[in-house]
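Scroll down for the structure; my scribbles are underneath it.
The values are calculated or read from the model by the stated rules, or taken from the named source; none is laboratory data. Keep in mind that this is a model prediction, so the values were computed, not measured. Positions of Cβ are backbone-derived with ideal geometry, glycine not excepted, and every protein chain shown enters the neighbour counts. Accessible surface areas use protein heavy atoms only, side chains included; no ligands, DNA or RNA. Shrake-Rupley method; radii C 1.70, N 1.55, O 1.52, S 1.80 Å.
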Amino acid sequence: MSLKDNAHQLVREHLKMDRDGKAHKVPALLEELRRAVTPGHAGSAGGGMTGPPIPINPNALDLLAEIEGEARRDHYEITSTGWQSTLEELLQAFAAMDLSAEWDAYLTHVSRDWIDKITALLWPSKPRRKLVGKTCPACGWSTYGEERKVCLSLGCWDDEGNMRAIGTWDIECASCEASWAGEQVAYLLRALDTPGIKVVSEVAQVS
Ligand SMILES: [Zn+2]
């Protein structure tokens, strides 16, 4: 992803692949982050605000301040002038600037970092599903370590906490680090006597 791509995701409404494989429009990530700062202002339509106001989300506020501070500092270092407009306009200005290779690489990296941080804050990923009592076919263990942690775990959530299509699941052994993906997963689940369909219904219950 280039700096331009990253700035686009942060500042503009953009297309995102849904779990059904279709692209749909989602708001700019910075807009979502700003909304998260004061959640009382979002999603309250028709809700009748009777209780006390919902407090500001300090994590969202901190992240927004961090992004804004870094972007403005970088702009000052590049141009020796202070940026006089919004953060959103600054990111677009960066993407349109004739930057040195070093600054381009640096800003591409930090803007990717902002995207990851915003995504992690707004849609924390759900933990992998432990396959309790199942033996890893690679190392032959079902638990490891003094705490007898479960070896096998199933990855089945996307970044936004929705269940991924079964063909995209993965299984990992935390003990020997063996991993399986794609069609191997359904095969392995059957071999472990944990058919995918059963996992789907169990996963749906705990989600
Ligand atoms: Zn193993």
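With 31 Å as the limit, write out which pairs from K16/K149; K16/K126; K4/K130; K22/K134 have Cα-Cα distances beyond it, or answer none. Can you show the working numbers first?
Working: K16/K149 36 Å; K16/K126 20 Å; K4/K130 39 Å; K22/K134 35 Å.
In this structure, K16/K149; K4/K130; K22/K134 exceed 31 Å between Cα atoms.
Between I166 and V110, the simple label model (points 7 Å from Cα in the Cβ direction) yields a spacing of 4.7 nm. Just add up the charged neighbours of T38: K/R +1, D/E -1, any other residue whose Cβ is under 15 Å from the Cβ of T38. Net charge in that neighbourhood comes out at -1. Computed about its Cα centre, the charge dipole of segment 130-196 is approximately 300 debye, with only Lys, Arg, Asp and Glu carrying charge at their Cβ. For the pair D159 and L15, label points projected 7 Å from Cα toward Cβ lie 1.7 nm apart.
How large is the accessible surface of S153 in square angstrom, using a 1.4 angstrom probe and rounding to the nearest 10? Looks like 20 Å² after rounding.
Placing R0 at 35 angstrom, the Cβ-Cβ distance between W123 and E183 gives a FRET efficiency of 0.80 after rounding to 0.05.
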